[in-house]
Each structure stands twice: as structure tokens, then as C-alpha cells.
Amino acid sequence: MFAGIEAGGTKFVCVVGDGPDAIARTARIPVRDPASTLADAIGFLRRARADGLTFESIGIGSFGPVELREQHPRFGQITTTPKPGWAWTDVRTPFLEFGVPVGFDNDVNAAALAEGRWGAAQGLSDFVYLTIGTGIGGGVVANGQLLHGMGHPEIGHIAVPRMPGDDFAGWCPFHGDCFEGMGAGPAIERRFGPRAEALEGADAVRAADLAGFYLAAGVRALVYVLAVERVVVGGGLGMMPGVLEAARRHLADQMHSYAVQPEHSGEQFIAAAGLGGLAGPAGTLLLAQIALATRSHTEVSS
Ligand code: ZN
């Protein structure tokens, strides 16, 4: 078995298990300050181990931005988050006390891995997982591996074209009218009032169309930059009725027939996530597996 910590911005989900259908123990820890939140997560793993639930490695999928470069002095840290008290928090080192490999990545990348193994992107080597809720996050799998680099992709903050007639200023504190600023849940709420999921009638249709337009704009960029085989969409707003249908319709418009493949207009090209809230925790178990495999490889070769 493996251990996983999905370190989200509002709660940590801790699991010991082998996959989404094989979770032996789980706990949800509300996020407070870093020290007490991390102490609770470590306490969960200590108790699991004391109760005989052994785990071979640990995977941590953290809210970000995070430093993922292993040689970097800040590897394993949450970096410039506006979340009070959490900037420059080392969320990886405390877990080294268990004496097993500790894999570390961001939470959306963990969820992307899980959708690839068990969810809506099974069998694909090039896809993106997008979560559209209070923000927009995206994990990229390219050539069968998570795409890292100097940091990690920040798909929620790419520039998007404005929907004709849409004069909303955008709410991203950094960029105003970026993808997240125009197309995440708060952008819909600020235009319409109540939460998008609570809208009814014509407002619900307009909100879904608007969210779908901006989702399509993001997807178009992913098509042209990454040549993705599929975009898997989760999150509260992403799962709202009508949003994916609108996105498929708008994507066809926005690509203007350039480099369009028949698959782009298929039901599965912009696909609903398959694992729901389990994607993140299950993905941390895959991060643990990767950490174990990587260490074994190092030991064999050295
Ligand atoms: Zn932004």
C-alpha cells in the first residue's frame, strides 16, 4: 500500500491504500496554520502505521504554486501563495520522518495522473486535466508523463479572448481578465449574483454558455500548444449542466476550421472527469508509486 496527502487550500485529504477503490483508511483535515495542519496529517500516518497499515512510500499533492525542481533549495515548498501564513511552507520535509520515499507535486497534477490511470483519460499519453471551480487549475500529461519545467504549468492564468459583448473586467488579482479571471466560478457569480450552480432558467443557460466560451478558449490554446488528445474537466463549475456542451460548440467556432481533426468535435474530446473528488487523493497514491519506482531505479543503477 501507499500513503497519500492531498494538501488542498481548505482541507487535507489523507489516504492509505492502493487506488480509488482500495482505500484502507482516510481522513479529512481542515486547513488552519501550516504547523498544526501538517502535524495532524503526520499524526494520521503515524496512527495508520501503528495500526499495521504499512505503506511503502508517500505522495503529496499540494495546492500551489509549489517548487518542483528537486535540485532547488526550495524543493517541496509552497511558494508565493496569497493564502495567509502558507507562503514558503515546506510541506514535504516533515514527511521524511517515515523513512520511505516521498513524492511531491501539485494537487492538480496528482488528479491528472489519477484520471489517466483510472478515470476519463485512460490509455492516453497526451491530455490535460482541468478543474474549474473557485479557480482554474490544470495538469498536463505529455508523452505519458507529467509536464514540469521551471515551476509547473499555470493554465488558469493564460490569456483568453473576450467573448463578444462581454464587458466584465475579470477578477484575477494578478491579471484581471485571464482564463480564471473570466471563466472560473467567481467570475460567473460576480456577473449573475448567486453561485453558478444555483442559477435557474435563462440565467443558467447564459452562465453555462459563458463558462463554456471561456473553457473553449482555454482548450483551444491547449490544442494548439500541446496537441492534446483529450481535455478532462472537473470542478464545480466544470460539472454544471450545459457547460461542456457549450464548450464543444464554442471550440468548433473558435478554431475556425484550422487544424481541426474529427476527434475535436467528438463527445469525448472535452470529457467530464471520471473520478470526481477522488481524483486528487487517488493521484497522490500514484505520486507515491512514482517516488518508490524512482528510488528503486536509483538504487539499482548506483
Ligand atoms: Zn490570472
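The values are calculated or read from the model by the stated rules, or taken from the named source; none is laboratory data. Nothing here was measured: the structure is a model prediction, and the numbers come from that model. Positions of Cβ are backbone-derived with ideal geometry, glycine not excepted, and every protein chain shown enters the neighbour counts. These area figures cover heavy atoms from the full protein model, side chains too; ligands, DNA and RNA do not enter into them. Shrake-Rupley method; radii C 1.70, N 1.55, O 1.52, S 1.80 Å.
Among LEU199, LEU237, LEU215, which one moves the most in a GNM of the chain with springs linking Cα atoms closer than 10 Å?
So, out of LEU199, LEU237, LEU215, the one fluctuating most is LEU199.
Taking 0.36 nm per residue of separation and subtracting the Cα-Cα distance, what length does fully extending PHE75 through GLN268 add?
Gain on stretching PHE75 to GLN268: 65.9 nm.
Can you run phi through the Karplus equation (6.51, -1.76, 1.60; θ = phi - 60°) for the stretch 128-143 and list ³J(HN,Hα) in whole Hz, with x for Gly and Pro?
The phi angles translate into 10, 9, 10, 10, 10, x, 5, x, 10, x, x, x, 10, 10, 10, 6 Hz.
On a 0 to 90 degree scale, rounded to 10, what angle separates helix 279-301 from the longest Cα axis of the chain?
Taking the Cα atoms of the chain, the angle to 279-301 is about 50 degrees.
Out of residues 5 or more away from PHE12 or on other chains, whose amide H comes under 5 Å of its own, with H placed 1.01 Å from N in the peptide plane?
ILE29, VAL31
Leaving out ligands, DNA and RNA, what percent of the accessible area of the chain is carbon and sulfur, probe 1.4 Å?
53 percent
Per the helix-only calculation at 222 nm, which mean residue ellipticity applies to the chain, given -39500 (n - 2.57) for every DSSP H run of n ≥ 4 and division by its residues, nearest 500 deg cm²/dmol?
Computed ellipticity for the chain at 222 nm equals -11000 deg cm²/dmol.
Dividing the Cα radius of gyration by the Kirkwood radius, what Rg/Rh value follows for the stretch 1-124? Mind showing how you got there, number by number?
On the way: Rg = 14.1 Å, Rh = 14.8 Å.
So for the stretch 1-124, dividing Rg by the Kirkwood Rh gives 0.95.
Name the residues whose placed amide hydrogens come within less than 5 Å of the amide hydrogen of ALA273, ignoring near sequence neighbours (fewer than 5 apart) on the same chain.
When sequence neighbours closer than 5 places are left aside, the close amide H contacts are VAL233, GLY234.
Using Cα centres only, tell me the gap between the stretch 75-95 and the stretch 142-192 in whole Å.
Measuring centre to centre over Cα atoms gives 23 Å.
Compute, for the chain, the length of the dipole vector about the Cα centre, with Cβ point charges of +1 (Lys, Arg) and -1 (Asp, Glu) only. Units Debye, rounded to 20. Walk me through the intermediate numbers first.
Values: 22 positive and 31 negative charges, 95 e Å.
Magnitude of the dipole: close to 460 debye.
Which whole-Hz ³J(HN,Hα) couplings does the stretch 144-159 yield from phi under the Karplus relation 6.51 cos²θ - 1.76 cosθ + 1.60, θ = phi - 60°, glycine and proline marked x?
My calculation for the stretch 144-159 gives x, 10, 4, 8, 10, x, 8, x, 8, x, 10, 4, x, 10, 6, 6 Hz in order.
How big is the antiparallel share of DSSP beta bridges in the stretch 1-71, given as a percent to the nearest 5?
Counting only bridges with both partners in the stretch 1-71, antiparallel ones make up about 75 percent.
Lys and Arg at +1, Asp and Glu at -1: add these up for the other residues within a Cβ distance under 12 Å of ALA3 and post the number. Mind dumping the intermediate values first?
Details: positive: ARG25, ARG46, ARG47, ARG49; negative: GLU6, ASP18, GLU56.
Net local charge, ALA3 excluded: +1.
Just check the stretch 54-183 against the gyration tensor rule for me: Cα atoms, a ≥ b ≥ c as the square roots of the eigenvalues, rounded for a/c under 1.5, and otherwise prolate or oblate depending on whether a/b exceeds b/c. Walk me through the numbers on the way to the answer.
Numbers: a/c = 2.51, a/b = 1.46, b/c = 1.73.
Taking the square roots of the gyration eigenvalues as a ≥ b ≥ c, the stretch 54-183 is oblate.
Name the most mobile residue of MET182, MET150, MET239, meaning the one with the largest mean-square fluctuation, in a Gaussian network model of the chain with Cα contacts below 10 Å.
Maximum among the listed residues: MET150.
Mind checking the full-extension length gain between HIS256 and VAL205? Use 0.36 nm per residue of separation minus the Cα-Cα distance, one decimal, nm.
Taking HIS256 through VAL205 to full extension adds about 16.0 nm, to one decimal.
In whole Hz and in residue order, list the ³J(HN,Hα) couplings for the stretch 226-235 that follow from phi through the Karplus curve 6.51 cos²θ - 1.76 cosθ + 1.60, θ = phi - 60°; x for Gly and Pro.
Each residue of the stretch 226-235 in turn: 10, 6, 5, 7, 6, 10, 9, 10, x, x Hz.
Would you mind computing, in nm to one decimal, how far apart the modelled labels at ASP40 and GLU245 are, each placed 7 Å from Cα along Cα→Cβ?
4.0 nm
How big is the convex hull of the Cα atoms of the stretch 171-299, per residue, in Å³?
With only Cα atoms used, the stretch 171-299 gives 152 Å³ per residue.
Can you classify the chain as rounded, prolate or oblate using the Cα gyration tensor, where a ≥ b ≥ c are the square roots of its eigenvalues, rounded means a/c under 1.5, and otherwise it's prolate if a/b beats b/c and oblate if not?
prolate
Excluding TRP86 itself, what net charge comes from residues whose Cβ is under 12 Å from its Cβ, given Lys and Arg +1 and Asp and Glu -1?
Details: positive: ARG32, LYS83; negative: ASP33, ASP90.
So the surrounding residues net to 0.
Report, by chain and number, residues whose modeled amide H sits under 5 Å from the one on LEU199, excluding near sequence neighbours (fewer than 5 apart, same chain).
Close amide H contacts, sequence-distant or interchain: none at all.
If you take every DSSP beta bridge fully contained in the chain, what fraction is antiparallel? Give it as a percent rounded to 5.
60 percent
GNM on the chain, C-alpha springs below 10 Å: top fluctuator among GLY59, GLY133, GLY277?
Greatest mean-square fluctuation among the candidates belongs to GLY277.
Count the net charge of all other residues whose Cβ sits under 12 Å from the Cβ of HIS148, scoring Lys and Arg as +1 and Asp and Glu as -1.
Result for the neighbourhood of HIS148: -2.
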